[in-house]
Amino acid sequence: MAVCSACRTVLRRHIDILQKLRQRRAHSTNNTPTTATKAGQQQHQIPTPNNVPTLNFWQRLGPLTRAAQAYARAQRKRPYVTQVCTSLVIYLCSDRKKSSLRALQKFPNFVHHLPIPAASRSRAIERWLARLSSSRWPDTYLRAQRSLAATFQPFARAQPRLNSHAPRRLASTASSSAKRTPSTARNVFLTTLLATTATVTYYYATDTRASIHQWLVPRLIRVLFPDAEDAHHAGTAALKTLYPLGLHPRERPPFPEDAHPATGTNPLAVTVFGTTLANPIGISAGLDKDAEIADPLFALGAGVVEVGGCTPLPQAGNPRPRVFRVPAVDGLVNRYGLNSRGADAMAARLRERLRKFARGLGLSEREVLEAGEEEGGCADGESVAGEAARLAPYADVLVVNVSSPNTPGLRDLQAAEPLARLLGAVVDEAKRAKRKVKPRVMVKVSPDEDDDTQMDGVVQAVWMSGVDGVIVGNTTKRRTGLVKEGIKLTGREQKALVEDGGFSGPAMFDRTLSLVGRYRKMLDSYSLKTSGVNDVFPTPKVIFATGGITNGDQALQVLNAGASVAMVYTGMVYGGSGTITRIKKEMREKLALKEA
């Protein structure tokens, strides 16, 4: 028994030695000798390129793999959204290309660069990441054992990329169909495409005929700026910034006679105060209160631009909020109270505009003022003699505003005697202006003063003072007849409509049309009474119409009623910067149908 036990012990030990020897031979395919390890120290096999593991690299991590599996089991108990978000975080923070994993298996000496999240993947997460790994997104560079500077270093220098596709044939043996497009041709194509897209976008976005100016921009501004006055300031600042850069919206006329109305057969050409205008559409005061964007407004296609109102001294006007929208009827209610930076500030801006115009012609400021051609522009304000003297050298027309509903006592000046004295003083200052072509003087009257007696007093003051014309219409304080049947107002719109101030919008058109016809008859009839003995009739007074004009048909109606210019303001707030272009297009179509 003892001999048998001893033989079995020897044989068992011999078998153990043989098993270890076979294992070492099976796993040793290189000439590197196996080093002996100390007692109690675990032996680490040094991987080499010829050492092909039987398991995937991440499965041979032992405890780390088991920890990842435990994490996966806990992850499955969390909500599905949490699982997806966590997987995406792991995916985005790891080197997720299959080619990178194969490279780590082929070159195990780079094991210290292995991303920790990639090493901690479990089988459950690996199946989810297998889908994401099929993409060709660029690898991330957040790796283990790297500093923040080392993380961003690959972006500063070129990195070699391991191609995971099958090796291509050499260029000498490759077929013609396998040739790739040269990078130069691709760059030329992309550059041409980008330049073409930028050019088309520029011409489209800066053309007033583009639909975005009518349907997108006004609505976007109302959403971004709930307060109407903030929207007004934002639009003014945008035009003021874009105009020097050449990125402002402008009218690109399809008819060449628009640029030279005197030499062509422009059906919209009109003569006002001896000057031929390309079209009879103007912009009312209030859109450019301080004469900051007169040129950008002219670029929109207007024949006349009225800036202001302006007061002799700076004043803040009424407290905010003072402008309210009524979108259901495309209307506005404002009680600005003639807020202005003063006549001196406006005169300085108009003078700078005149100097730029003179420099463009290679002339001086004095040469332009002494020339027979007018430079173009307009000024508006509650003018007195001193204010008129400051603004007269730089404006073609001075407008005396006695119709503002937000200034107490201002409309009382529409009586015949006080109005005649005020207008006479302004006319005298305009005649003393140091320029060859003297500015004209007009008076703006209220639509609420529609009694025959009141209108007759205005007509008398106009003829007695020597004023050149009348601007018929302004905002109204009346609220009757503004909302048609079937239109429902929201609570906010109802509150805005009853706010104290003047209302403007399309609902004002019928009243404006009626007043234009009545003033035309009164002015013409008064000229017949004051005509000379030799039947020399005085020059007819010019009428500008403003209030509720939003389309070409309405513009033609007020022009046929006796006005020389149709002016818009609220229509541009809701219709966008392409409103004037659209109105002129509709006018041309109406006139063409009438002639046909």
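Before we move on, is Asp500 within 22 Å of Ser446 (Cα to Cα), buried (at least 16 other Cβ atoms within 10 Å of the Cβ) and of a type in the set (D, E, K, R)?
Criteria not met by Asp500.
Being modelled with pLDDT under 95, within 30 Å of Ser564 (Cα to Cα) and assigned by TED's automatic domain parsing to the domain that holds Glu493: is that true of Gly282 here?
Details: modelled with pLDDT under 95: no; within 30 Å of Ser564 (Cα to Cα): yes; assigned by TED's automatic domain parsing to the domain that holds Glu493: yes.
No.
Read through the list (1) under 23 Å from Glu352 (Cα atoms); (2) without any contact (Cβ under 8 Å) to a residue 24 or more places away in the chain; (3) surrounded by fewer than 16 Cβ atoms within 10 Å (Cβ to Cβ), then give the number of the only condition that Gly235 fails.
Tallying (1) under 23 Å from Glu352 (Cα atoms); (2) without any contact (Cβ under 8 Å) to a residue 24 or more places away in the chain; (3) surrounded by fewer than 16 Cβ atoms within 10 Å (Cβ to Cβ), Gly235 fails exactly one: (3).
Is it the case, given these coordinates, that Val443 is touching a helix residue (DSSP H, G or I) at 6+ places or on another chain (Cβ under 7 Å), at pLDDT 90 or above and not in a helix (DSSP H, G or I)?
yes
Identify, please: which residue in segment 414-455 is of a type in the set (Val, Ile, Thr) and in contact with a strand residue (DSSP E or B) (Cβ under 7 Å, 6 or more places away or on another chain) and is, among those, nearest to Thr546 (Cα to Cα)?
Only one residue tops the list, namely Val445.
Residues are listed down the side, and each one gets a yes or a no for (1) over 30 Å from Arg320 (Cβ atoms); (2) assigned by TED's automatic domain parsing to the domain that holds Ala328; (3) in a helix (DSSP H, G or I); (4) at pLDDT 85 or above:
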position: Arg169; (1), (2), (3), (4): yes, no, no, no
position: Ser172; (1), (2), (3), (4): yes, no, no, no
position: Phe189; (1), (2), (3), (4): yes, no, yes, yes
position: Ala195; (1), (2), (3), (4): yes, no, yes, yes
position: Tyr202; (1), (2), (3), (4): yes, no, yes, yes
position: Arg219; (1), (2), (3), (4): no, no, yes, yes
position: Val223; (1), (2), (3), (4): no, no, yes, yes
position: Pro226; (1), (2), (3), (4): no, no, no, yes
position: Glu229; (1), (2), (3), (4): no, no, yes, yes
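I'm told Asn474 meets every condition in (1) modelled with pLDDT under 85; (2) closer than 22 Å to Ala563 by Cβ; (3) polar (S, T, N, Q) except one. Can you identify the failing condition by its number?
(1)
Kindly list the number of the only condition in (1) touching a Leu at 6+ places or on another chain (Cβ under 8 Å); (2) of a type in the set (Lys, Arg); (3) under 30 Å from Gly466 (Cα atoms) that fails for Arg511.
(1)
For residues that are in a helix (DSSP H, G or I) and in contact (Cβ under 8 Å) with a residue 40 or more places away in the chain, tally how many sit in segment 552-584. Reasoning before the result, please.
Filtering segment 552-584 for residues in a helix (DSSP H, G or I) gives 552-560, 570-575, 579-584.
Now drop any that are not in contact (Cβ under 8 Å) with a residue 40 or more places away in the chain, which leaves 554-555, 557-559, 570-575, 579-584.
Adding up the residues that qualify gives 17.
Determine, yes or no, whether Asp510 is surrounded by fewer than 13 Cβ atoms within 10 Å (Cβ to Cβ) and under 27 Å from Tyr336 (Cβ atoms).
When the stated conditions are applied, Asp510 does not pass them.
Looking only at residues in segment 201-210 that are of a type in the set (S, T, N, Q) and surrounded by 12 or more Cβ atoms within 10 Å (Cβ to Cβ), which one is nearest to Gly571 (Cα to Cα)? Break it down into steps so the answer makes sense when it comes.
In the first step, residues of segment 201-210 are kept if they are of a type in the set (S, T, N, Q); the result is 201, 206, 208.
Add one more test, that the residue is surrounded by 12 or more Cβ atoms within 10 Å (Cβ to Cβ), and what stays is 206, 208.
Values: Thr206: 20, Thr208: 15 Å.
Per the stated criteria, the residue is Thr208.
Of the residues that sit in segment 211-232 and are of a type in the set (A, V, I, L, M) and surrounded by 13 or more Cβ atoms within 10 Å (Cβ to Cβ), which one is nearest to Gly576 (Cα to Cα)?
Checked segment 211-232; the qualifying residue nearest to Gly576 (Cα to Cα) is Val217.
Please state which of the following conditions Gly486 fails to meet, knowing it meets all the rest: (1) assigned to a loop (DSSP other than H, G, I, E, B); (2) under 26 Å from Gly337 (Cα atoms).
Among (1) assigned to a loop (DSSP other than H, G, I, E, B); (2) under 26 Å from Gly337 (Cα atoms), Gly486 violates only (2).
The values are calculated or read from the model by the stated rules, or taken from the named source; none is laboratory data. Keep in mind that what you see is a predicted model, and the values were worked out from it rather than measured. Neighbour counts are summed over all protein chains in view; Cβ atoms, including those assigned to glycine, are modelled from backbone coordinates with ideal geometry.
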